[in-house]
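Remarks on the structure that follows.
What follows draws every value from the coordinates through simple rules; no lab data is involved. Because the structure is a prediction, the values reported are computed rather than measured. We place every Cβ from the backbone using ideal geometry, glycine too, and count neighbours over all the protein chains shown.
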Amino acid sequence: MAQLIEVKVPDIGDFKDVDVIELLVKPGDRVTKEASLITLESDKATMEIPSSDAGVVRDLRVKVGDKVSAGSVILMLETDAAAPQATPRPPHVPEERKPAPAAAQPQAGAADLRAEVVVLGSGPGGYTAAFRAADLGKSVILVERYPNLGGVCTNVGCIPSKALLHVARVVTEAEETREAGVAFGDPSIDVAKLRAWKEDVVGKGTKGIAGLARQRKVTVVEGVGKFESPAVLAVKAKNGKTTRIGFDYCIIAAGSSVARIPGFPYEDPRLMNSTGALELPDVPKRLLVIGGGIIGLEMACVYDALGSKVTVVELMDGLIPGADRDLIRPLERRIQKRYEAILLKTKVAKLEPQAAGLQATFEGDGVPTPQTYDRVLLAVGRRPNGREVGAEAAGVKVNERGFIPVDRQCRTNVSHIFAIGDIVGEPMLAHKATHEAKVAAEVIAGHKAAFDARTIPSVAYTDPEVAWMGLTELDASRLGIAYQKASFPWAASGRARSIGRTEGSTKLLFDPASKRILGAGMVGPNAGELIAEMVLALEMGSDMEDIALTIHPHPTLSETPGFAAEVALGSITDLYLPPKK
Ligand SMILES: Cc1cc2nc3c(=O)[nH]c(=O)nc-3n(C[C@H](O)[C@H](O)[C@H](O)COP(=O)(O)OP(=O)(O)OC[C@H]3O[C@@H](n4cnc5c(N)ncnc54)[C@H](O)[C@@H]3O)c2cc1C
């Protein structure tokens, strides 16, 4: 039997007389338990108040501009059943912990150098943390084992791979422009020059980071760092000399390394990891890529464009496991035509060096006989460097997988030691590392910061690109989350037709009750750029009208999320959808 209950503001900690800045429901709306009802904003935080029960909103008791505290009645709700009223979930409020106590000072003479903050590792996590801490007035030492700053991302990851993918795209676009009546002939590829160009791109990045460090007076110490105690990091230089650095706070940003499959002939230079493949030793006639994840497929894309016959082998039943299958299909269809083979549910059981190349023996249904490849790229993931920093000497916990667990303020179990980036967990992405870096530096400087992002977007810079953020359909069905889906096929986009790439699509997932965006996925050229708008939409709590009523420039691929939102609303005119009965 239905029952009318009061839904009240739950305990919201120290907050009193907080402004109501937004009403998210109106009388007559059906809400699920936990659905957001109103938004409150204090000078410290913005929070959404969830519903204690499922039911229909009968009467709103607050309006925008009202001030509320714990216990204030928000609305009257007609519940679906005469169930006892559940205790409301406390709203999500960013942590407000005091700055961590600094490390106990090392004994006099135990340190050769001192800094308020020592950052271990100069990847996107490390250099961002060091620079933010310096900008907030801290003295900072940045420790890096290699002469060049920038870590994996700048030296052997994001940047060189995207430089080569840019060239790959130019090559394939020139090839495909033949269909439009313009032929350039086959490209002549000067591998040495291409390598030098890519190295120049990387060099400009690493020099830029070194310049930024100098401008901020961040001291860079080169060498391998390991904790000697909770207050001292010992850095061993190439010449064997050890420098002991005393610190008040440390941020561990030592990243990750390539994972290996035991038993492969690593001494054979024809077996490469992603770093080796980015060195571009030559363009192999036949290339085997072991691992159909993002890194393997990006490198496959590069070598295919340069002229290699590429085979991709993946253990799972689809490429890029974790992404929704409808987003992967257009990529799969395109590369199936271009590559020599894509072998799914297949394992490379043996890899044997021979004079003519590396011979791979496959295991799985309907696999080919052993094949010989000029080069093999092993791209089966990365493992965190947690076990390589002497964490035990500082009392810092490392889990069984080698990650260093941290809280939302990026603190380890030792309160003055923080950790960020690949070393703290998945997803191993540069934009997650830089975001965490700022949180750690700000918490150290006494700011009320926490990692509170609603999503970390993922992008495969393949051709076509695949990008997604927020909720995926795979996760929604695994977690039993209800959603309304709206897709827009790029075949109906004027811009997609004008660049000859109509295989793409944009899909949006909305909350069926509030109509707010929950997730988005795109496949097609530039999907990686386009997804950013949907990340902002999610962060801002946008609903389908916000997206559909935003005027996107025409003709652009950026219109496609707007069109998908129109599909959701039923107002789309660029497609014909039969009216719903
Ligand atoms: C081929 C490839 C392509 C990629 N493409 C993308 C992409 O397009 N977008 C994206 O977001 N991510 C991409 N990534 C992932 C991205 O590079 C990482 O997520 C990112 O670099 C992690 O940053 P980090 O600061 O945590 O660590 P890292 O970049 O790994 O930096 C850690 C640094 O610490 C140093 N270090 C480690 N141990 C010590 C020690 N004991 N003493 C001194 N120094 C030490 C290392 O030398 C390194 O410089 C890619 C990765 C690869 C391999």
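Structural remarks
- In this label model, Asp317 and Tyr266 are separated by 3.3 nm, measuring between points 7 Å along each Cα→Cβ vector.
- The eigenvalues of the Cα gyration tensor, multiplied by 5 and square-rooted, give segment 124-252 an equivalent ellipsoid with semi-axes of 42, 15, 11 Å from largest to smallest.
- Once the Cβ-Cβ distance of Ala482 and Asp407 is raised to the sixth power relative to R0 = 25 Å, the FRET efficiency obtained is 0.25.
- Rounded to the nearest angstrom and listed largest first, the equivalent-ellipsoid semi-axes of the chain from its Cα gyration tensor are 43, 37, 21.
- Calculated from backbone phi, Karplus (6.51, -1.76, 1.60) coupling profile of segment 267-273 in Hz, x at Gly/Pro: 6, 8, x, 6, 8, 10, 9
- Stretching Ala259 away from Lys33 to a fully extended chain increases their span by 77.1 nm, per 0.36 nm per residue minus the current alpha-carbon distance.
- Listed values for segment 438-455 are Karplus-derived 3J(HN,Hα) couplings in whole Hz (6.51 cos²θ - 1.76 cosθ + 1.60, θ = phi - 60°), namely 5, 4, 4, 5, 6, 4, 4, 7, x, 7, 8, 10, 7, 6, 10, 5, 7, 7, and x replaces Gly and Pro.
- Gln3/Asp475 FRET efficiency (R0 45 Å; Cβ-Cβ; nearest 0.05): 0.85
- Here segment 109-128 is scanned for amide nitrogen atoms under 19 Å from the site 7 Å beyond the Cα of Asn239 along Cα-to-Cβ, giving 112-113.
- Sorted by Cβ density within 10 Å, fewest first, the residues Tyr249, Tyr146, Tyr339, Tyr127: Tyr146, Tyr339, Tyr249, Tyr127
- Cysteines in the chain that, by Cβ-Cβ distance, have no pairing candidate under 4.7 Å: Cys250, Cys301, Cys410
- Karplus-derived 3J(HN,Hα), 6.51/-1.76/1.60, for each residue of segment 484-498, Hz, glycine and proline x: 10, 10, 9, 10, 10, x, 5, 4, 9, 9, x, 5, 4, 5, 6
- Among beta bridges that DSSP assigns inside the chain, antiparallel share in %, nearest 5: 70 percent
- Descending principal axes extents, segment 311-385, alpha-carbon based, whole Å: 41, 38, 21
- Counting neighbouring beta carbons within 10 Å and listing from fewest to most, the residues Cys158, Cys250, Cys301 come out as Cys158, Cys301, Cys250.
- DSSP finds beta bridges in segment 271-380, and of those with both partners inside it, around 40 percent are antiparallel.
- Spin-label model distance (nm) - Leu212 vs Phe184, 7 Å beyond Cα toward Cβ: 3.2 nm
- Interchain or long-range residues, amide H under 5 Å from Arg286's placed H: Lys309, Asp374, Arg375
- Residue (of Gly425, Gly318, Gly123) at the positive-pole extreme of the chain, dipole from beta-carbon charges: Gly123
- For Lys345, the residues whose modelled amide H falls within less than 5 Å of its own, excluding neighbours fewer than 5 places apart on the same chain, are Glu314, Met316, Asp317, Gly318.
- Of the trypsin sites (Lys or Arg not before Pro) found in segment 243-327, none is in coil by DSSP with at most 10 other Cβ atoms within 10 Å of its Cβ.
- Gyration tensor (alpha-carbon) shape descriptor, segment 464-569, a/c threshold 1.5: prolate
- Ordering of 566-578, 383-395 by packing [mean C-beta count within 10 Å, highest first]: 383-395, 566-578
- Efficiency of FRET from Cβ geometry, Asp574 and Arg333, R₀ 22 Å, rounded to 0.05: 0.40
- Percent breakdown of C-alpha pair distances by 5 Å bin, ordered from the shortest bin, for segment 296-436: 2, 8, 14, 15, 14, 11, 11, 11, 8, 5, 1, 0
- When the helices of the chain are scored as -39500 (n - 2.57) per DSSP H run of n ≥ 4 and the total is divided over every residue, the value at 222 nm lands at -8000 deg cm²/dmol.
- Ascending count of other beta-carbon atoms within 10 Å, so fewest first, for Phe362, Phe184: Phe184, Phe362
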